[in-house]
Structure formats: structure tokens, C-alpha cells
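Inspection log for the structure reproduced underneath, given as C-alpha cells.
The values are calculated or read from the model by the stated rules, or taken from the named source; none is laboratory data. All figures in this text were calculated on a predicted structure; none of them were measured in a lab. Methodologically, a virtual Cβ is constructed for each residue, glycine included, from the backbone with ideal geometry; neighbour enumeration extends over all protein chains shown. The protein model used for the area step is the full one, side chains on, heavy atoms only, and it has no ligands, DNA or RNA in it. Shrake-Rupley method; radii C 1.70, N 1.55, O 1.52, S 1.80 Å.
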Amino acid sequence: MAPKLCALCSTNKAILKRPKTGQQVCKDCFFYVFETEVHHTITRAGLFKPGDKVAIGASGGKDSTVLAHVLKTLNERYNYGLILFLLSIDEGITGYRDDSLETVKRNQQQYDMPLKILSYDELYGWTMDAIVSQVGRKNNCTFCGVFRRQALDRGAAMLNVDHIVTGHNADDIAETVLMNIMRGDIARLGRCTSIVTEGEDTIKRSKPFKYAYEKEIVMYAYFKKLDYFSTECIYSPDAYRGHARTFLKELEAARPSAIIDIIHSGEAFEIREEVKAGQKSQQTCKRCGYMSSNDLCKACTLLEGLERGMAGSGITERERKKLDAEGRAPENLRTIPFYRRSTRTPGPEVPIVVEAQVDPAMITDHYRPYTAE
Ligand code: SF4
Ligand code: ZN
Ligand code: ZN
């Protein structure tokens, strides 16, 4: 049987099947369509203008490595006129981030871009290793996510860039759409598919790989022989996202367009104004000066919790103020098992037992300390 020819150039032998479209194509045509689709995403959304200074959030992983390679290629091919930087965050995770940062340092040489590395330790005085040893492995990604967002902004300010691009791909976005639906977080659902996020005081962020399939990013990295780091974080990633991911992969196996279809569904949702209006007026954090909707920004609220050694309590700044005003500082709270009477489920009452830090005054008929009968 004669070898199958590439569906695009009809000249070369087809050596791969595009996960996104099922087309059988040659290597060169695959590179070209992949890059061109990203170029169209960029131009349709008007992401850049000539002279923009753009920082690529670089972790050394496949997504950001391919992003750096493709942006460099497109910048030269289409004369975008961008000045590109690599910006890496060192979370302080031994055995994971230290190795991936070595990859980023090689990428700096390979792509000839200035690199800035900022660590949680220098910004916050805490590494993720230290945080996990204090809070355990349950909320680590909450800390890490809040700290990373702010660290990227601070790094971008130090590099004096106008814009941060991240390697989030179509699979990531489809997963987020599913998660927001499953959590009923409609305000986030309305925002999560936008390619650009930009607030008044925040640095512009965008996702040029919004429509790029993860499988194609892996293929691109593989056939281009790019230097990337493929180990997962040693601290268990978000379990809930894991379920959404497994579900999405099953849908993709049955019908590859599922990923794009979910993104399109997310884009087509119309969110009511009163649901959208979740964001409060901005001020600056009293502790670090970062923009915030409360006296303390999210990172400083978490840091205060860590410093007090009670990070798990999830007490917000506002709750804290209220407690202080009433002379009921969180330090006085007691950790006791208590239960909430189930009011929704018919049938015999099943106590839902949780361990929590409660103020004795909160113990009412509805929330009663649990005593095993
Ligand atoms: Fe941080 Fe969680 Fe990602 Fe690890 S998996 S790098 S702890 S957000
Ligand atoms: Zn071809
Ligand atoms: Zn702060």
C-alpha cells in the first residue's frame, strides 16, 4: 500500500494524525498549522501592539516552553515587534521546581531572552516546602495560587513589562469551565473563557494557547525536540480539578471536538449583570501595598494566618475585624468537633461531623458540639 500523503501539502508522507482535527499531516505542515492557528488567535483578539514588552510566565514545563518557542517564531515571521522576556516563579518546592528552573535557564540561552526568577521565599519569607510542613497537603494549592498570581505581577513590574502571557491551553480552559459549572460559580464561569484579563491597576494577562490542544502542544514539543521538564509537582495537585480533567479526557476520546465545544459553550453563556458584579472597589493592601478589595490582600491574609500558625482556619480579614471588635480574637477559638444538623436530607437525621475552630458563642441549636452517643 502506498504511504498516505499529507492532507495539506499532498507531497510529503503523512506521519501524524492531528488530535484536534483527525487530519493526517506531515511534520512541517503540522508545525505550520499549529503556529498559524496561534497567530490567528493572537491577531483576532488584538493581543499585542508593536513595541509591547511581554513577559512569558515560564515554568520549564511543556506549555510555557512551547509558548516561548512559538511566540519567538511568530514575532520574527510576522514582525509583531515584541520584546520578549521569561519570567519564572520559584515556589520553593525541593525536587520539583529547582529542577524545572534549570530547564528555564537553558531556555533562556536557547531562545536568547532575558530571564527573571522571583521566589516565594524572597517575596513572602515562606517557601512552599515550609508552608506544606505547616498546613499539610490540603490547602497547599490555594496558597500557591494566590502567591503565584501576585508574584507574577511583581515580577512583571520589576521587568517593566506591559503584558504577561501564560501557557494555559484549551484543555485547561475547558476544565475550568466544567469546574465552574460543577461548583455553581457563575461569576467565574463568565470570566474564565476570556483570552485577556485586565483590571484598572493590574497588568494585562493573556492566554495565546486558548484554543491549542494539550496533545498538540506535547506533539509540537516532541517533534521540535524542545527542552522541557515533564515532572508533576510533588504536592498533590487540586483533586477536584483532577476529576474534571479525567472527565474531559474521556469526552475527548469519544469526540475530539469536545474540548473546543466546551470552550465555545463557556463563551456563549450570558451572565446576568448582578451576578457579574462581584468585584468590589479596589484599594491597596495595608501591609504590602498590592491592590486589594479589603484592608489586607489575599496573600497577606494567608501570610498572617501562617504567622499565627493557624492557616487552616480560613478567617478572612473582614471576619477578623469583626471578631476583634467584639473582643473575640481567633486566638481564643477552640478546636472542637461539632456537627451541623442536616436540614435538607429527609429521613433520619445524620450529623455531619467536622473539626472546626469555633467561638463558643457560635454554638447554637443548629451548630452543636458533637458528642459520640
Ligand atoms: Fe503549587 Fe499546587 Fe501547582 Fe504544586 S500543584 S505548584 S503546590 S499550585
Ligand atoms: Zn504536508
Ligand atoms: Zn498584601
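The figures follow:
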item: Test: residue in segment 105-118 that is under 18 Å from Asp238 (Cα atoms) and either within 16 Å of ligand 1 (Cβ to nearest atom) or part of a helix (DSSP H, G or I) (or both); result: no
item: Residues of segment 121-161 satisfying the condition of being among the charged types (D, E, K, R) and modelled with pLDDT of 90 or more; result: Asp121, Glu122, Asp129, Arg148, Arg149, Asp153, Arg154
item: Count - residues of segment 190-215 that are among the aromatic types (Phe, Trp, Tyr) and either over 19 Å from Thr65 (Cβ atoms) or free of Cβ contacts under 8 Å to residues at least 40 places away in the same chain (or both); result: 0
item: Test set (1) open to solvent by 10 Å² or more (accessible area, probe 1.4 Å); (2) over 27 Å from Arg148 (Cα atoms); (3) over 23 Å from the mean Cα position of the chain (by Cα); (4) touching a residue at least 40 places away in the same chain (Cβ under 8 Å) - Pro114 fails condition number; result: (2)
item: Segment 28-72 - residue that is basic (Lys, Arg) and not in a loop (DSSP other than H, G, I, E, B) and, of those, nearest to ligand 3 (Cβ to nearest atom); result: Lys53
item: Matching entry among Met219, Met158 (being of a type outside the set (Lys, Arg), open to solvent by 60 Å² or more (accessible area, probe 1.4 Å) and more than 16 Å from ligand 1 (Cβ to nearest atom)); result: Met158
item: Condition met for Gly199 (assigned to a loop (DSSP other than H, G, I, E, B), closer than 25 Å to Glu274 by Cα and in contact with a strand residue (DSSP E or B) (Cβ under 9 Å, 6 or more places away or on another chain)); result: yes
item: Residue that is of a type outside the set (A, V, I, L, M, F, W, C), in contact with a Ser or Thr (Cβ under 9 Å, 6 or more places away or on another chain) and away from ligand 1 (no atom under 16 Å from the Cβ), where the choices are Lys4, Lys27, Lys20; result: Lys20
item: Single residue of Tyr120, Tyr96 found to be in the same structural domain as Tyr220 (by TED's automatic domain parsing), open to solvent by less than 10 Å² (accessible area, probe 1.4 Å) and in contact with a Cys (Cβ under 9 Å, 6 or more places away or on another chain); result: Tyr120
item: Number of the exception - Ile131 against (1) open to solvent by less than 60 Å² (accessible area, probe 1.4 Å); (2) in a loop (DSSP other than H, G, I, E, B); (3) within 29 Å of Thr246 (Cβ to Cβ); result: (2)
item: Those residues of segment 231-262 which are among the hydroxyl-bearing types (Ser, Thr, Tyr), surrounded by 12 or more Cβ atoms within 10 Å (Cβ to Cβ) and more than 16 Å from ligand 1 (Cβ to nearest atom), in sequence order; result: Ser257
item: Some residue of segment 285-294 being small (Gly, Ala, Ser), in contact with a Lys or Arg (Cβ under 8 Å, 6 or more places away or on another chain), within 26 Å of Gly92 (Cβ to Cβ) and surrounded by 12 or more Cβ atoms within 10 Å (Cβ to Cβ); result: yes
item: Residue match in segment 70-82 (condition: closer than 23 Å to Glu252 by Cα, out of contact with any strand residue (DSSP E or B) (no Cβ under 9 Å at 6 or more places or on another chain) and touching a residue at least 24 places away in the same chain (Cβ under 8 Å)); result: no
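So that you can scan it fast, the table gives a plain yes or no per residue for (1) among the charged types (D, E, K, R); (2) more than 17 Å from Phe223 (Cβ to Cβ); (3) modelled with pLDDT of 95 or more:
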| site | (1), (2), (3) |
| --- | --- |
| Ala14 | no, no, yes |
| Val33 | no, no, yes |
| Arg44 | yes, yes, yes |
| Tyr80 | no, yes, yes |
